[in-house]
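Data block below; observations after.
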Amino acid sequence: MGKNITVGTLGHIFLWSICCCLLLFVPSAGNTANYSDSAHGDPGYGVLRSSMPSTYAQGNCGHCHEQHEAAKSGLLFATNFSGKMTNPYTAADNACFQCHQDASSQSGGITNNNYSATFGGATAESDSIMDAFNQSSYHNLYDIQQYITGSRGTKSFSNFSALYNPCSGCHNAHLAKANKRSTGDPTETVMSKPSDHENLWGDDNGTTELMTSYGTGYQPPLYDGSSTLLEPDGLSTSATTQAGKTPNYNAFCTDCHNSTNVIYSTELGRNLRTFNWSLEVHGEDTASDDSSSYSGWGGSGSETEMQSPYSDSNLGSYVLSCMDCHEPHGSSNAYLIRTSINAGSVSLPSGSSNWDNVCSRCHAVASDLRNLHHRVKDDGDYSCSDCHIGSTRDGNIRPCIECHYHGSSFRGLKTF
Ligand code: HEC
Ligand code: HEC
Ligand code: HEC
Ligand code: HEC
Ligand code: HEC
Ligand code: HEC
Ligand code: HEC
Ligand code: HEC
């Protein structure tokens with residue numbers, strides 16, 4: 001919020017500003033105070049192309065825009081987006097990848113670790129944005145561009161013009177800051193909601209832009225390597241303190257992923273399932289502490305359902321963040337699932353059905369959830385084969401997400 005550069009303003013300043021930048025070599029600071037606050041506009045670490053004359057100061061617009069590149073959309077120095085329909089991508093596919101690629105494969109590349117590393121303290125699985133998008137599960141850039149420009153699907157925000165880069169669905173290259181440089185300071189956010197592209201999202205304290213907007217509901221997961229310190233910077237054990245450092249990713253992601261928008265996924269070969277985060281147990285709906293309510297078949301009557309820092313007695317009051325489970329760009333795990341959740345590594349390659357690897361980072365392991373499941377069997381709503389694969393009634397149970405998935409009919413739970 002609060003960054004009121006508008007497309008119109010940029011349009012007005014475009015001619016003389018670009019001219020200043022490109023012809024008179026005057027940095028654009030002054031008329032674009034917000035740009036100069038941005039990561040790209042920073043005179044110390046902002047944009048810099050070595051092929052440009054040294055008269056172009058670091059951070060200058062001219063490192064991205066060239067007035068003689070009329071053939072390229074947005075007067076960018078490289079093709080904005082090639083339209084490639086699936087990964088792997090090369091730098092030639094997206095102007096952002098010209099710089100946001102592995103520092104070891106090109107001098108001047110930029111280190112951007114995956115979310116689990118930067119905000120979770122885990123070992124980096126990918127260290128550049130291009131690497132992140134080149135993993136087996138990723139936000140498909142073609143689908144995103146088709147979607148935001150209105151070529152496909154339905155949405156609750158205005159169409160972006162056809163020249164826009166898919167990355168611009170989530171970022172504004174003129175405003176984005178460098179959260180990675182101070183992971184506990186959300187005023188350094190990188191995000192712009194697609195419905196509010198001309199502002200940053202996450203930088204407004206005391207509003208819906210932070211995870212504190214759920215009261216005490218948000219319990220940040222553990223920070224890697226600690227049994228008490230919490231994300232996003234691993235500097236405090238207080239859930240409220242840490243929630244106040246975390247942008248409201250839910251409101252950001254649900255600008256696209258909500259109960260009405262129709263979104264096609266090339267990777268999944270179907271429209272995404274719609275869901276309403278306010279009606280899901282992991283979202284704003286309430287779970288219940290059922291561990292003591294069943295002492296049937298083999299049940300002790302009291303079993304611990306949750307792993308630390310979550311506690312059974314607080315079940316029903318938690319609201320999770322999308323980023324507790326997902327990466328924003330890509331992952332080696334299916335459905336962009338993080339490779340480290342709640343301070344433990346998670347392996348779930350595409351095609352794997354071992355969803356318990358994911359769930360048990362926060363819940364008790366499947367064998368300890370047996371009684372909770374057998375309770376519903378005894379209620380008569382489910383038969384053995386709804387859960388058990390084959391005739392042997394043992395640990396071989398169906399993938400958790402066959403019943404527990406976003407958008408399923410009952411609180412994130414399939415009813416038969
Ligand atoms: C000419 C090189 C260049 C291009 C092209 C470029 N960037 Fe950047 N970008 C940078 C540099 C340099 C930084 C600052 C890196 C740092 O903080 O160390 C940066 C930072 C960022 C940040 C803040 C996070 C960070 O690493 O500081 C975001 C978000 C970002 N860029 C997004 C984009 C998007 C989206 C595009 C394409 C529309 C893009 N960039 C194109 C050079 C570039
Ligand atoms: C679906 C939304 C989405 C899309 C599309 C997207 N990003 Fe991001 N990006 C995010 C979110 C959310 C974050 C914040 C989490 C983080 O910093 O890791 C982020 C973070 C970043 C960062 C900062 C990473 C760091 O080191 O902290 C950069 C740089 C970036 N994105 C560049 C890009 C580029 C380039 C593209 C296009 C190739 C792109 N993004 C596409 C959502 C998106
Ligand atoms: C600008 C709109 C937009 C925003 C914002 C957005 N997404 Fe997406 N998302 C898409 C589109 C389009 C697809 C379908 C293409 C694909 O599957 O990659 C998608 C697909 C996905 C998928 C399924 C990917 C797969 O192939 O399995 C997941 C998971 C996902 N998004 C999570 C998120 C999360 C988490 C956020 C917030 C950080 C987010 N999205 C924000 C547009 C968006
Ligand atoms: C990191 C690269 C980068 C830098 C630096 C940058 N821009 Fe841009 N700019 C873009 C991209 C990318 C687009 C095309 C829109 C899109 O794809 O999101 C764009 C589009 C524009 C547009 C057209 C806007 C529209 O929506 O029609 C104007 C005007 C503009 N830039 C002016 C500037 C000025 C002035 C500066 C310096 C103050 C600047 N840009 C710095 C990447 C950059
Ligand atoms: C990042 C931690 C985390 C992960 C990973 C996680 N959950 Fe949860 N889950 C929770 C929390 C916290 C609650 C309680 C929500 C509340 O209080 O409303 C919950 C609630 C639930 C509930 C409702 C429980 C009740 O008592 O009503 C179900 C069912 C569930 N999760 C299933 C799953 C499945 C299946 C997976 C794996 C695909 C999974 N969860 C992964 C944290 C997690
Ligand atoms: C709602 C799901 C669900 C239903 C319905 C269900 N089970 Fe189970 N069952 C489980 C889960 C979960 C486990 C624990 C799996 C594990 O250990 O990994 C389990 C474990 C078992 C075990 C192994 C017990 C042990 O720990 O040694 C047996 C035997 C079993 N179930 C029999 C049955 C029979 C017989 C029925 C039908 C009358 C049935 N189950 C119905 C979910 C279910
Ligand atoms: C065939 C469908 C089915 C499958 C497969 C399944 N569950 Fe469940 N699960 C249920 C039902 C039904 C309940 C009871 C919901 C209730 O009582 O509100 C339940 C309850 C739960 C609960 C919350 C218990 C509570 O407190 O009410 C958790 C956590 C959970 N399941 C996790 C898992 C995990 C992890 C897996 C995979 C190892 C899994 N489930 C597989 C149907 C299933
Ligand atoms: C507790 C972990 C967890 C949280 C929190 C979570 N997700 Fe997911 N997400 C999953 C799992 C597991 C899947 C795969 C099964 C499914 O579709 O639910 C998934 C799948 C998806 C998909 C693909 C749906 C499809 O059609 O296959 C999208 C899109 C998505 N998530 C977006 C989000 C957004 C947006 C948020 C936050 C509002 C979010 N997720 C929060 C675990 C989580």
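Residue check, Ser347 against (1) free of Cβ contacts under 8 Å to residues at least 60 places away in the same chain; (2) surrounded by 20 or more Cβ atoms within 10 Å (Cβ to Cβ); (3) under 30 Å from Val190 (Cα atoms), all met but one. Which one?
That leaves (2) as the condition not met.
Among the residues in the stretch 69-76, are any surrounded by 18 or more Cβ atoms within 10 Å (Cβ to Cβ) and free of Cβ contacts under 8 Å to residues at least 40 places away in the same chain?
Yes, the stretch 69-76 has at least one match.
I'm told Ser353 meets every condition in (1) in a helix (DSSP H, G or I); (2) under 23 Å from His388 (Cα atoms) except one. Can you identify the failing condition by its number?
(1)
Taking into account only those residues within the stretch 93-135 that are in contact with a Pro (Cβ under 7 Å, 6 or more places away or on another chain) and part of a loop (DSSP other than H, G, I, E, B), which is farthest from Ala243 (Cα to Cα)?
Asn134
In the stretch 118-148, which residue that is among the small types (Gly, Ala, Ser) and in contact (Cβ under 8 Å) with a residue 40 or more places away in the chain is nearest to ligand 3 (Cβ to nearest atom)?
Taking the stretch 118-148 and keeping what is among the small types (Gly, Ala, Ser), we get 120-122, 124, 126, 128, 132, 136-137.
If we keep only those that are in contact (Cβ under 8 Å) with a residue 40 or more places away in the chain too, we end up with 120-122, 126, 132, 136-137.
Working: Gly120: 14, Gly121: 19, Ala122: 17, Ser126: 16, Ala132: 12, Ser136: 9, Ser137: 5 Å.
Out of the qualifying residues, it is Ser137.
Please determine whether any residue of the stretch 253-274 is surrounded by 19 or more Cβ atoms within 10 Å (Cβ to Cβ), under 24 Å from Ala334 (Cα atoms), at pLDDT 95 or above and polar (S, T, N, Q).
Checked the stretch 253-274: at least one residue is surrounded by 19 or more Cβ atoms within 10 Å (Cβ to Cβ), under 24 Å from Ala334 (Cα atoms), at pLDDT 95 or above and polar (S, T, N, Q).
Does Ile397 count as near ligand 6 (Cβ under 9 Å from one of its atoms) and modelled with pLDDT under 90?
Criteria met by Ile397.
Which of the residues that make up the stretch 91-116 are free of Cβ contacts under 8 Å to residues at least 24 places away in the same chain, closer than 28 Å to Ile341 by Cα and more than 10 Å from ligand 1 (Cβ to nearest atom)?
Listed by number, the list holds a single entry, Ser104.
Return a yes/no flag: does the stretch 80-89 have any residue that is without any contact (Cβ under 8 Å) to a residue 24 or more places away in the chain and assigned to a loop (DSSP other than H, G, I, E, B).
The answer is yes, given that some residue of the stretch 80-89 is without any contact (Cβ under 8 Å) to a residue 24 or more places away in the chain and assigned to a loop (DSSP other than H, G, I, E, B).
Report every pair of residues separated by at least 6 positions or lying on different chains whose Cβ atoms are under 9 Å apart, first residue within the stretch 356-373 and within 18 Å of Asn314 (Cβ to Cβ), second of a type in the set (Ser, Thr, Tyr) and within 16 Å of ligand 2 (Cβ to nearest atom).
Arg361/Ser340
Output the qualifying pairs, or none if there are none: Cβ atoms under 6 angstrom, residues six or more apart or on different chains, first residue in the stretch 207-221 and among the acidic types (Asp, Glu), second residue away from ligand 4 (no atom under 16 Å from the Cβ).
Glu209/Gly202; Glu209/Asn248
What pairs can you find where one residue is in the stretch 301-325 and among the β-branched types (Val, Ile, Thr), the other is assigned to a helix (DSSP H, G or I), and their Cβ atoms are less than 8 Å apart, with a gap of 6+ or different chains?
Pairs found: Thr304/Asp312; Thr304/Asp368; Val319/Tyr214; Val319/Asn250.
When you look at Asp255, is it acidic (Asp, Glu), closer than 15 Å to Gly121 by Cα and in contact (Cβ under 8 Å) with a residue 40 or more places away in the chain, yes or no?
Here the answer is no, as Asp255 does not meet what is asked.
I need the full set of residues from the stretch 56-68 which are under 22 Å from Leu163 (Cα atoms), in contact (Cβ under 8 Å) with a residue 24 or more places away in the chain and assigned to a loop (DSSP other than H, G, I, E, B), in order please.
Asn60, Cys64, Glu66, Gln67
Would you call Thr392 among the hydroxyl-bearing types (Ser, Thr, Tyr), modelled with pLDDT under 75 and near ligand 7 (Cβ under 10 Å from one of its atoms)?
Against the criterion (among the hydroxyl-bearing types (Ser, Thr, Tyr), modelled with pLDDT under 75 and near ligand 7 (Cβ under 10 Å from one of its atoms)), Thr392 does not qualify.
How many residues does the stretch 292-306 hold that are buried (at least 18 other Cβ atoms within 10 Å of the Cβ) and at pLDDT 60 or above?
Total satisfying the criteria: 3.
Find the residue count for the stretch 170-200, including only residues that are within 9 Å of ligand 2 (Cβ to nearest atom) and either part of a loop (DSSP other than H, G, I, E, B) or touching a strand residue (DSSP E or B) at 6+ places or on another chain (Cβ under 7 Å) (or both).
9
The values are calculated or read from the model by the stated rules, or taken from the named source; none is laboratory data. Remember, predicted model here, so these are calculated numbers, not experimental data. Don't worry about glycine lacking a Cβ; one is built from the backbone with ideal geometry, like all the others, and counts go over all protein chains shown.
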